[in-house]
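Only one structure is covered here, and it is reproduced in the block below.
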Amino acid sequence: MTRISPHAARRLTGALNAGQPASGLDLAAVRRSRSSWPPVPTAPAPATRLRLAECLELVSSPLVDQVMDGDADAWQRLRATEHALREQQDDRPRAEILHGAISRLIEDYEA
């Protein structure tokens, strides 16, 4: 089973809460914030599904630990995913949410 680090969970929760500071994984807050989102009537694009899988892998152990340790290969994957999300033309609302989460991870560990 893949384990998501507490820090990564807070980052994803922050993204789901539209950029508000994350204080932990609060599923009730996620549900409330989702209820205010405009509905997306279509299924996620294939590219979005692929990027979601990449994002989940990047914020899960052991890859997130490698990012935190400054591993060059992990950072290359992180930056490639960030670039793909930034350039994705279809399914923009979902891609922007994923991009925000990955961008925050980069900001947190880049320094």
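Just so it is clear, none of the values below were taken in a lab; they were calculated from the coordinates. Since the structure is predicted, the reported quantities are computational estimates derived from the model, not experimental observations. With ideal geometry, Cβ positions are generated from the backbone for all residues, glycine too; neighbour counts draw on all protein chains shown.
List of remarks:
- Shape descriptor for segment 48-111: Rg over Rh equals 0.96 (Cα atoms; Rh from the Kirkwood inverse mean 1/r).
- Glu96 paired with Ala72, simple spin-label distance in nm, labels 7 Å along Cα-to-beta-carbon: 3.7 nm
- Our coupling estimate for segment 77-89, obtained by passing each phi through the Karplus curve with A = 6.51, B = -1.76, C = 1.60 and θ = phi - 60°, is 5, 4, 5, 5, 5, 4, 5, 4, 5, 5, 8, 4, 8 Hz, Gly and Pro reported as x.
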